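This report concerns only the one structure given below.
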Amino acid sequence: MNVLVTGASGFVGAALIPRLQHDGHDVRAFGRAAGRVRARVPVVEGDAVTGAGLDAALDGVQCAYFLIHSMETAGAVQDGDFADRDRRAARAFAEAARRAGVRRVVYLGGLAPAAGASQHLASRLEVEEIVLEAAPEAVAFRASIVIAAASRSFRFLVRLIERLPVLALPTWRAHRTRPIDGRDVIEFLAGAAGARDLGRQSLDIAGPDVLS
């Protein structure tokens, strides 16, 4: 298929592109700067928040991956907080995908707790709802911490422990999670391109171990 990967300069997007090429798909990337995309694929430059470049990027695409997330704290960006930016990006992407007639959209979000979702997780769930309406065969995967050398959430945890040999137990010490190997995440995402019976579903993907 013709496949578009947004967020292609990030850990997941960069790892997913060669996996999709291995499966025989024609892949193009979408990003704000072509020079930041390491994979050897055509790159359409644009900005998902404003919608610039999305129509060109999605032209002729059958499957599109939405892997765009803000990692800033609220108020850290000048033109609105991260949740507002993610909302605007998701809406612009969804509208462009509908105009292009994209059949499948694949989104990677976060595992949702039973109660008390953080600002970032609440934003991920909001984006998920928007993206699931973007295409008739849209699917969302929800993952916890992704264990991989280039994973931002895992690197944050490693650096925290390396730099703070003595650490006051945080309020989230009682939380439990199910981290997943980065290679498994890539396999789930790659398999979703051609999988059947995934229309507008949200699926939890998690490792076998429940950890603090």
- Residue in segment 154-212 that is surrounded by the most Cβ atoms within 10 Å (Cβ to Cβ), counting only those that are of a type in the set (S, T, N, Q) and either without any contact (Cβ under 8 Å) to a residue 60 or more places away in the chain or on the phi > 0 side of the Ramachandran plot (or both): 212
- Query: What number goes with the only condition from (1) open to solvent by 20 Å² or more (accessible area, probe 1.4 Å); (2) under 23 Å from residue 195 (Cα atoms); (3) in a strand (DSSP E or B) that residue 44 does not pass?
  - Reply: (2)
- Could you grab me the full set of residues in segment 127-144 that are under 13 Å from the mean Cα position of the chain (by Cα) and open to solvent by 50 Å² or more (accessible area, probe 1.4 Å)? 142
- So residue 25 clears everything in (1) in contact (Cβ under 8 Å) with a residue 60 or more places away in the chain; (2) surrounded by fewer than 16 Cβ atoms within 10 Å (Cβ to Cβ) except one condition, right? Which one? (2)
- Read through the list (1) open to solvent by less than 40 Å² (accessible area, probe 1.4 Å); (2) out of contact with any helix residue (DSSP H, G or I) (no Cβ under 9 Å at 6 or more places or on another chain); (3) at pLDDT below 90, then give the number of the only condition that residue 151 fails. (2)
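Somewhere in segment 130-139, is a residue in a strand (DSSP E or B) and in contact with a helix residue (DSSP H, G or I) (Cβ under 7 Å, 6 or more places away or on another chain)?
Within segment 130-139, one or more residues are in a strand (DSSP E or B) and in contact with a helix residue (DSSP H, G or I) (Cβ under 7 Å, 6 or more places away or on another chain).
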- Going by the structure shown, is residue 14 more than 19 Å from residue 90 (Cα to Cα), open to solvent by less than 40 Å² (accessible area, probe 1.4 Å) and not in a strand (DSSP E or B)? yes
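The values are calculated or read from the model by the stated rules, or taken from the named source; none is laboratory data. Treat the numbers as computed from the prediction; the structure is a model and nothing was measured. Counting neighbours? That spans all protein chains shown, and the Cβs are built from the backbone with ideal geometry, glycine included. Note: accessible area is taken over every heavy atom of the protein model, side chains too, but ligands, DNA and RNA are not part of it. Shrake-Rupley method; radii C 1.70, N 1.55, O 1.52, S 1.80 Å.
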